[in-house]
Amino acid sequence: MKIFRISSLMLATVLFLASCGNKAGKSEATGWNYNDPKWGGYDVSDRTNMTPAPGLVFIEGGSFVMGHVTEDTRYAWDNVAHTVTVSSFYMDETEVSNKMYGEFVYWMRRAYGEEYPEKVAFIMPDTAAWRDKLAWRESFVDYYFQSPSYHDYPVVGVSWEQAQAYCVWRTDRVNEKLLVDMGIIELDQENLGTGAFQTDVYLAGKYEGEVRHGLTDLDPAAGGEERQVRKADGILYPYYRLPTEAEWEFAALGMIGSTYDERVTEHKTYPWAGQSLRSANKKYYGQFLANFKRTRGDAMGVAGNLNDGWDYTCPVKWYFPNDYGLYNMAGNVSEWCLDVYRKTVAPVGSDDLDPYRGNVYMTPELDEDGEVFIGDDGLMKYKQVEYEGNRRNYRQADNINYLDGDRASGISRWRDDENASNDEDEEGEATFSEDDEESVEEDNNLSPDEMWTNEMYRRKADKDKPTVSMVNNKVRVVKGGSWKDRAYYLQAATRRYYDQDKSTSWIGFRCAMDRLGSRVQ
């Protein structure tokens, strides 16, 4: 019976892998057979429907009015209403909890604790972030991240940079399990650290872990040998990442529940309908819908009749989810977004489809043999892409300051720089001369704080003595109110910012992922 079960399992695995091999078909262009070695073996996958990765829910995209549609009581004017479109994507159902992040810390300790202890130290939450000079919170310092009593509460004390590291690690573990379950690679708990599975290392053909068997290579020249999984197979997931500001605000509003016949019946202020912070449902009438501070000195109500019921954070799956099924998109903890913060969220000329500020285009480093470079820690190394003279959609790798006073965007938009060319092409666009390239190269050699940017953020009155404000290229957008905030910050449109390498007791995060292919499920 045992032998029969093993044989059945092996047969099921073979059938599963065969199904991964793809349905036969013919080319609409040439009539040649797909997936047929006799006809060249062009391998065409039939995996066109992407399924959600662990923890994620589908967010159907669309256009919406981003920004404040009610009075901005603080007169910040940093998110004036404007219409943008957000593509469909995936987002975590909840904020990342202490238990989820604790798994990350545990794995990193096992993988790198002895050889690279600095990697473990880098991702550890700063529990001292709970301290306040005039408040007693030592129990949170000692127990919040450690105690099982707080396992399902949102992790805090985590910087934007640490959240980014978590996203990469989570991607690798999810893709590793997927390949293990398919019988393609062996789960080797001894091969950690420099030998651990890394998605980008595997796709580059540099994975040195034990491989059980791969997919059949249909190329006639391969002679029927096996190959590793490729992006073209549609098996591996894209990277987990932080949501962009536009994605976060769109998901928070959950407008899928307030549209009819391509009309928005109500533009929400909060993740729920109406302007009240209390439930209008008869069964739960009057109950608060988020974890926040009602007034100064009132964080949870009075004994015997608590309002929101929580003084500090609450479990990540608390209160009612919004129409997308997302919990705590208002209150509990604020959340990191991917974007670099700027006072003007939509400068003239900015893109209105999936807007985002923070692009720094990267490419893998290559060794002297032209192969991707793997560091001593087992990770691929990246560098900024080099300028390509025949490219029109971008001219440099770092575009954080684009349309924000940087020299490159100034050349094409205003052409008032003394080194800028006044020539135009047939379409009336300013050309980019050799002098312009040199001036951009000079700017690229400057540090972010020395870049010539809009005087709202940085002024460079003297080349040797720049004056720098709090808003710079290392400050990231923070969205959503927290346990210590008043109702104003619970509005989906409200924006704040925080240094990307710093952490606090009121900022957490959740992950997102690109939706590949169809924008509807």
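General remarks:
- Taking region 179-200 as the range and being in a helix (DSSP H, G or I) and out of contact with any Leu (no Cβ under 7 Å at 6 or more places or on another chain) as the test, the residues that pass are LEU179, ASP181, GLY193, THR194, GLY195, ASP200.
- When the criteria are applied in full, SER97 fails the requirement of being out of contact with any Lys or Arg (no Cβ under 6 Å at 6 or more places or on another chain), modelled with pLDDT under 95, in the same structural domain as ALA165 (by TED's automatic domain parsing) and within 24 Å of THR244 (Cα to Cα).
- The residues of region 459-490 that are of a type in the set (D, E, K, R) and either at pLDDT 90 or above or touching a Ser or Thr at 6+ places or on another chain (Cβ under 8 Å) (or both), listed by number, are ARG459, LYS460, LYS474, ARG476, LYS479, LYS484, ASP485, ARG486.
- Being crowded, with 16+ Cβ neighbours inside 10 Å and either within 29 Å of ASP351 (Cα to Cα) or under 17 Å from the mean Cα position of the chain (by Cα) (or both) holds for only one residue in VAL80, VAL120, VAL84, VAL105, and it is VAL84.
- Check on ALA246, more than 25 Å from THR313 (Cβ to Cβ), crowded, with 24+ Cβ neighbours inside 10 Å, under 22 Å from the mean Cα position of the chain (by Cα) and in contact (Cβ under 8 Å) with a residue 12 or more places away in the chain: yes
- Once region 349-365 is narrowed to residues that are out of contact with any Lys or Arg (no Cβ under 9 Å at 6 or more places or on another chain) and not aromatic (Phe, Trp, Tyr), the residue that is nearest to VAL478 (Cα to Cα) is PRO355.
- Pairs meeting the criteria (first residue in region 81-94 and in the same structural domain as ASP323 (by TED's automatic domain parsing), second residue of a type in the set (S, T, N, Q) and buried (at least 23 other Cβ atoms within 10 Å of the Cβ), beta carbons under 8 Å, at least 6 apart or on different chains) are THR94/ASN328.
- Number of the condition not met by SER505 [criteria: (1) buried (at least 22 other Cβ atoms within 10 Å of the Cβ); (2) not assigned by TED's automatic domain parsing to the domain that holds CYS314]: (2)
- Some residue of region 237-259 being at pLDDT below 95 and more than 29 Å from GLU71 (Cβ to Cβ): no
- Hits in region 264-275 - residues which are surrounded by 15 or more Cβ atoms within 10 Å (Cβ to Cβ) and over 21 Å from GLY481 (Cα atoms): VAL264
- For region 124-140, the criterion of being crowded, with 21+ Cβ neighbours inside 10 Å, hydrophobic (A, V, I, L, M, F, W, C), within 24 Å of GLU93 (Cα to Cα) and under 25 Å from the mean Cα position of the chain (by Cα) is satisfied by no residue at all.
The values are calculated or read from the model by the stated rules, or taken from the named source; none is laboratory data. This is a predicted model, so every value here is computed, not measured. Cβ sites come from the backbone with ideal geometry, for glycine too, and all protein chains shown count toward neighbours.
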